[in-house]
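Working notes for the structure below.
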Amino acid sequence: MPQSLAKVLIHLVFSTKNRYPFLSDKNIRDEMHAYLGGTCNELDSQVLKVGGAADHVHLLCTLSRNLTIAKLVGEIKRSSSKWVKTKGRMLTKFAWQNGYGAFSVGQAEIERVRAYITGQEEHHRKKTFQDEYREFLKEYGVEYDERYVWD
């Protein structure tokens, strides 16, 4: 009996609405990262690493054979936004930005990307999310219009 087999690795990046630092509390951030990872796993998209800073997240995961990237990201954002709003009065206005970045990762790059995601707090002491994101877009040759990247 034939099988359809695939292993597609993606690095997802998205920010909070207007890069507001909703995730500045380390405990909430850690809980959010765990929640995002659990949601990926439930969607048959094995999470390999989740990290980020006060205003954005990075996820390294496999992409389920049964989902589009848009469906995966949409479900991750929807469920995590709903969940985090129950975590306190300061989070009732929480929202993710509308867009996202999805970047392909080769098998040989997994450890490099994991290390990059692990070092986010240190990394963002020197560079803003917007500068980081522009570098990803340039590195991957993604054409974009600056007017529509940020919300």
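Bear in mind that the values in this text are calculations on the coordinates, not laboratory data. Small disclaimer: the values here were computed from a predicted structure and weren't measured. When we count neighbours, we look across all protein chains shown, and the Cβ atoms used for this are built from the backbone with ideal geometry, even at glycine.
With unit charges on the beta carbon (Lys/Arg positive, Asp/Glu negative), name the residue among His33, Thr62, Ile117 whose Cα is farthest towards the positive pole of the charge dipole of segment 14-151.
So the residue furthest toward the plus end is His33.
Taking the chain, how many lysine pairs are there with alpha carbons less than 18 Å apart, if each pair must be eight or more places apart or span two chains?
18
Pull out the extension gain between Asn66 and Lys82, defined as 0.36 nm times the separation in residues minus the alpha carbon to alpha carbon distance; nm, one decimal.
That works out to 3.4 nm of additional length.
Give me Asp145, Asp25 ranked fewest to most by other Cβ atoms within 10 Å of their Cβ, as a rough exposure proxy.
Sorted ascending by nearby Cβ count, the order is Asp145, Asp25.
Express in whole angstrom the spacing between the alpha-carbon centres of segment 7-76 and segment 104-131.
Segment 7-76 and segment 104-131 have Cα centres spaced 14 Å from each other.
Going toward the positive end of the dipole of segment 9-148, with +1 on Lys and Arg Cβ and -1 on Asp and Glu Cβ, which of Ser79, Gly52, Val142 do you reach last?
Ser79
Arrange Leu72, Leu43, Leu59 by Cβ neighbour counts within 10 Å, fewest through most, would you?
Lowest count first: Leu43, Leu72, Leu59.
Pulled fully out, how much extra length does the chain show between Gln130 and Ser4, if you take 0.36 nm times their separation in residues and subtract their Cα-Cα distance?
41.6 nm
Could you list Phe136, Phe103 in order of exposure, starting from the residue whose Cβ has the fewest other Cβ atoms within 10 Å? Present the calculation step by step, with values, prior to reporting the outcome.
Numbers: Phe136 14, Phe103 17.
Listing Phe136, Phe103 from fewest to most nearby Cβ atoms yields Phe136, Phe103.
Within the chain, which whole H helices from DSSP have a Cα span along their axis of at least 18 Å and a mean Kyte-Doolittle hydropathy of 1.0 or more, if any?
Helices meeting the criterion: none.
For segment 9-148, with only Lys/Arg (+1) and Asp/Glu (-1) charged at the beta-carbon, what is the dipole magnitude about the Cα centre, in debye rounded to 20?
With only Lys, Arg, Asp and Glu charged at Cβ, the dipole is about 560 debye.
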